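Below is one structure; the comments refer to it alone.
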Amino acid sequence: MFKCNLKDPFLLVISVAAIIIVFISQLYFINPYTSSWDQVDFALAVKRYDLMAMQPHFPGYPFFILGGKFIHLFVMDPSKALTIFNVFCYASSVFPIYKLSRRFIQRSFASLSTALIYSASYSIIMVNQPMSEGAALAAFWWYLWSLLFALNKKNSRAILIPLGFLSLMLGIRLSYLPFAIGIIFLFYWKVKKDGLKMKEIIFYLISGVIFQAIWVIGLIISEGSIIGFIKLSLAFTSGHFNDWGGTVEAADIGFFDRFIIFSSKNILWTGIATESVLSAFIYIFLFIYIFIRAFKKTKKRWPFMNLLFILFSSYFGWALLAQNVEKARHALPLAVLLIFFLCIRLFSERIPFLVVGLSIFVLGHQVNQNVTLLATEAKEPPAVYKMNAFIEKMNEPVILYTWEETRVLQYLEVPYTHKRIETYQYFRYDAKYFQGRTVLLTDKVIQGFRSQGISIDGKIKKIATFHSNGLFDPVYHEIILYKWVEK
């Protein structure tokens with residue numbers, strides 16, 4: 001078994017070194033691309049915040065955009081400003097991750113756990129994109145730490161801290177709302193252990209509402225009125241999950257297939273292993289190890305672990321049923337929670353040399369993978385950029401019909417005509433006004449036509465395919481360009 005003495009400084013040094021290498025790599029390989037509809041929404045919002053113009057789309061992500069606006073004072077590119085804000089926010093999560101780990105395991109292994117969690121490659125990829133996941137993940141770790149802090153403080157005023165971090169987290173990414181169940185658990189625990197009184201519960205509930213109102217009222221003011229804000233929110237939510245195109249495949253699969261994709265692919269294969277066979281093999285081995293050891297009696301029972309299970313379960317159900325399973329980023333909090341749970345269980349008791357060796361090895365592999373992926377993400381153009389370069393070189397008048405790709409093309413201010421199209425009937429009507437132009441369509445448009453029962457065999461000709469890394473562009477990492485040949 002592993003005994004800590006002279007090994008303590010060694011684990012501390014390699015853990016700190018790993019974190020520093022990843023952080024420097026994140027700043028050195030800043031992602032210069034704005035390659036999806038959501039990323040364009042966020043980038044445009046940094047310049048002009050307007051929910052009606054989907055800058056950004058509902059629910060507005062006010063704290064994320066505010067952070068991007070601040071960085072934009074020093075960085076001209078709004079997309080890079082958001083990414084840099086993510087990087088610094090995520091770097092701050094080292095503190096709560098370490099403090100959470102230190103509560104359950106000794107210092108050297110708390111450092112190793114922090115490095116393993118921080119350097120999880122899929123998290124790093126998402127942090128280095130102009131999306132709200134990076135800042136939201138940081139706020140999530142601070143929220144977890146504040147819950148643990150409040151649980152262990154007899155002074156009930158500590159409840160205000162997780163209430164504040166909950167507001168910060170939801171003001172960055174509202175889809176993390178299921179994690180609010182942690183506040184309910186906190187109230188239950190305080191009533192059971194510390195005799196929290198009803199008048200105190202009411203006071204803290206009102207305080208929680210006030211914290212949330214800070215960013216909600218800001219959104220209402222930006223929209224002009226509460227009625228306009230409600231209409232906008234209903235209009236967005238009623239159509240957001242019903243469009244064909246980027247989500248058509250996800251909408252058509254059954255519950256069982258959805259469950260398998262979400263749990264095995266999104267959480268384990270992508271979220272934890274980052275689609276690395278080596279990482280997947282090691283993590284599966286370590287999970288099996290703690291599963292076998294779980295049958296042995298242990299003296300340690302932590303209420304915080306029960307809270308983690310509740311948080312995991314509530315968000316799992318929400319993300320499985322209400323989020324698009326094509327996008328693994330929606331499972332990101334679940335992946336990091338599992339890695340955290342794994343580390344606590346691995347390092348809380350006597351630790352075999354094999355476990356320590358594998359943990360150090362997977363940390364090194366993650367750091368190496370991070371540097372490689374970050375460099376690729378910064379240098380390799382997304383598929384939609386490659387498609388645009390191809391069309392510009394065609395040197396002929398064209399009309400391009402797309403789905404979500406058109407938002408990126410608008411942002412790039414391309415020199416040719418392009419339109420977002422939803423129905424085959426409107427396509428045939430609209431194309432008549434572009435006689436003499438080459439009519440181009442993307443594969444998402446073709447999929448949409450077919451989902452409407454339209455047979456287009458013999459009417460199209462495939463002319464090019466564009467690829468990028470699916471980890472960076474989960475839905476549009478492959479774009480097939482077709483030419484309409486029917487006369």
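Test L66 against the criterion of being among the hydrophobic types (A, V, I, L, M, F, W, C), open to solvent by 40 Å² or more (accessible area, probe 1.4 Å), in contact with a Gly (Cβ under 9 Å, 6 or more places away or on another chain) and at pLDDT 95 or above, and give yes or no. Here the answer is yes, as L66 does meet what is asked. Among the residues of region 224-252, count how many are at pLDDT 75 or above and touching a helix residue (DSSP H, G or I) at 6+ places or on another chain (Cβ under 8 Å). Result for region 224-252: 3. Taking residues in region 443-465 that are closer than 15 Å to Y476 by Cα and touching a residue at least 24 places away in the same chain (Cβ under 8 Å), and partners anywhere that are of a type in the set (G, A, S) and open to solvent by less than 50 Å² (accessible area, probe 1.4 Å), the pairs with Cβ atoms closer than 6 Å and at least 6 places apart or on different chains are K444/G245; G448/G245. Residue pairs whose Cβ atoms lie under 8 Å apart, sitting 6 or more positions apart in sequence or on different chains, and linking a residue in region 399-418 that is assigned to a loop (DSSP other than H, G, I, E, B) to a partner that is charged (D, E, K, R) and open to solvent by 30 Å² or more (accessible area, probe 1.4 Å), are W403/R420; E404/R420; V414/E392; P415/E392; Y416/E392. Checking each residue in region 42-52 for being open to solvent by 40 Å² or more (accessible area, probe 1.4 Å), part of a loop (DSSP other than H, G, I, E, B) and touching a residue at least 60 places away in the same chain (Cβ under 8 Å) picks out Y49, M52. Applying the criterion of being closer than 21 Å to G60 by Cβ and open to solvent by less than 10 Å² (accessible area, probe 1.4 Å) to the residues of region 83-126, the residue that is nearest to the chain's Cα centre (by Cα) is M126. Condition check: at pLDDT 95 or above and either among the polar types (S, T, N, Q) or under 21 Å from I125 (Cβ atoms) (or both). Does T442 satisfy that? Against the criterion (at pLDDT 95 or above and either among the polar types (S, T, N, Q) or under 21 Å from I125 (Cβ atoms) (or both)), T442 qualifies. Looking at F449, F472, just one residue is outside any loop (DSSP other than H, G, I, E, B) and surrounded by 18 or more Cβ atoms within 10 Å (Cβ to Cβ), and that residue is F449. Of everything in region 261-297, what is outside any helix (DSSP H, G or I) and loosely packed, with under 15 Cβ neighbours inside 10 Å? Give them in sequence order. Within region 261-297, A294, F295, K296, K297 meet the criteria. If a residue must be outside any strand (DSSP E or B), touching a helix residue (DSSP H, G or I) at 6+ places or on another chain (Cβ under 9 Å) and either within 30 Å of L268 (Cα to Cα) or open to solvent by 40 Å² or more (accessible area, probe 1.4 Å) (or both), how many such residues does region 456-469 contain? Counting residues in region 456-469 that are outside any strand (DSSP E or B), touching a helix residue (DSSP H, G or I) at 6+ places or on another chain (Cβ under 9 Å) and either within 30 Å of L268 (Cα to Cα) or open to solvent by 40 Å² or more (accessible area, probe 1.4 Å) (or both) gives 2. Here G67 clears all of (1) over 30 Å from F347 (Cβ atoms); (2) in a loop (DSSP other than H, G, I, E, B); (3) in contact with a helix residue (DSSP H, G or I) (Cβ under 7 Å, 6 or more places away or on another chain) except the condition numbered (2).
Just one residue in the set E413, E380 is among the acidic types (D, E) and on the phi < 0 side of the Ramachandran plot; that residue is E380. Answer yes if at least one residue in region 170-189 is under 13 Å from the mean Cα position of the chain (by Cα), part of a helix (DSSP H, G or I) and crowded, with 24+ Cβ neighbours inside 10 Å, and no otherwise. Looking for residues that are under 13 Å from the mean Cα position of the chain (by Cα), part of a helix (DSSP H, G or I) and crowded, with 24+ Cβ neighbours inside 10 Å, one finds at least one in region 170-189, hence yes.
Which one of A322, A335 is modelled with pLDDT of 95 or more and within 19 Å of the chain's Cα centre (by Cα)? Criteria check complete, one pass: A335.
Summed over region 381-397, the residues that are in contact with a helix residue (DSSP H, G or I) (Cβ under 9 Å, 6 or more places away or on another chain) and assigned to a loop (DSSP other than H, G, I, E, B) give a count of 3. Scan region 111-119 and tell me whether some residue there is among the polar types (S, T, N, Q) and under 23 Å from N306 (Cβ atoms). Yes, region 111-119 contains a residue that is among the polar types (S, T, N, Q) and under 23 Å from N306 (Cβ atoms). The single condition among (1) modelled with pLDDT under 95; (2) under 20 Å from V475 (Cβ atoms) that L400 does not meet is (1). K80 meets the conditions (1) touching a Pro at 6+ places or on another chain (Cβ under 9 Å); (2) open to solvent by less than 30 Å² (accessible area, probe 1.4 Å) in every case but one. The failed one is (2). Provide a single number: the residues in region 373-410 that are within 30 Å of the chain's Cα centre (by Cα), open to solvent by 40 Å² or more (accessible area, probe 1.4 Å) and basic (K, R). Matching residues across region 373-410 total 2.
Which residue, of Q55, Q39, Q26, is farther than 24 Å from S121 by Cβ and either open to solvent by less than 30 Å² (accessible area, probe 1.4 Å) or without any contact (Cβ under 8 Å) to a residue 40 or more places away in the chain (or both)? Going through Q55, Q39, Q26 in turn, the sole match is Q55.
The values are calculated or read from the model by the stated rules, or taken from the named source; none is laboratory data. Source: prediction; values computed, not measured. Ideal geometry is used to build each Cβ from the backbone, glycine not excepted, and the neighbour counts take in all protein chains shown. All accessible areas refer to the heavy atoms of the entire protein, side chains included, with ligands and DNA or RNA removed. Shrake-Rupley method; radii C 1.70, N 1.55, O 1.52, S 1.80 Å.
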